[in-house]
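S.K.: The structure follows.
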């Protein structure tokens with residue numbers, strides 16, 4: 001996909017919609033490798049120079065996601081990637097697997113999640 005103003009706006013809108021469904025604050029969204037490299041090193045540490053290899057990367061400590069628009073082939077993959085990275089922010093304790101993928105599908109279908117609360121002992 002080619003990043004233009006319409007696509008940039010669409011990504012930000014979808015990010016906002018999916019963030020509301022997950023009851024998380026809307027993250028800052030980076031949409032090019034150049035934007036990742038322009039961020040301070042301490043923010044993008046770990047996936048700074050390799051981010052271009054992935055469809056998306058979430059930087060959980062800084063409420064930041066990178067969506068690699070150049071690598072994403074179509075609109076469905078774009079939606080999946082945005083939802084996937086936001087699920088990482090909402091459920092940081094989950095790794096990829098069946099439960100994680102189920103949560104991504106639920107976000108895409110419109111399910112809303114209550115705000116995160118730590119368990120009471």
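S.K.: Can you name the number of the only condition in (1) assigned to a helix (DSSP H, G or I); (2) in contact (Cβ under 8 Å) with a residue 40 or more places away in the chain; (3) over 20 Å from residue 5 (Cα atoms) that residue 114 fails?
M.R.: (1)
S.K.: Out of 53, 28, 34, 41, report the one residue that is surrounded by fewer than 19 Cβ atoms within 10 Å (Cβ to Cβ) and at pLDDT 95 or above.
M.R.: 28
S.K.: Further question on the same structure: Taking the stretch 1-10, which residues are in contact (Cβ under 8 Å) with a residue 60 or more places away in the chain and either under 15 Å from residue 84 (Cα atoms) or not in a helix (DSSP H, G or I) (or both)?
M.R.: Hits for the stretch 1-10 are 1, 2, 3.
S.K.: Could you please give the count of residues in the stretch 67-115 that are at pLDDT below 95, exposed (fewer than 15 other Cβ atoms within 10 Å of the Cβ) and touching a helix residue (DSSP H, G or I) at 6+ places or on another chain (Cβ under 7 Å)?
M.R.: The qualifying residues number 2.
S.K.: Let me ask you something else. Any idea how many residues of the stretch 20-34 are within 30 Å of residue 109 (Cβ to Cβ) and without any contact (Cβ under 8 Å) to a residue 60 or more places away in the chain?
M.R.: Counting residues in the stretch 20-34 that are within 30 Å of residue 109 (Cβ to Cβ) and without any contact (Cβ under 8 Å) to a residue 60 or more places away in the chain gives 7.
The values are calculated or read from the model by the stated rules, or taken from the named source; none is laboratory data. No experiment lies behind these values; they were computed from the predicted model shown. As a convention, Cβ positions derive from the backbone with ideal geometry for all residues, glycine included, and neighbour counts pool all protein chains shown.
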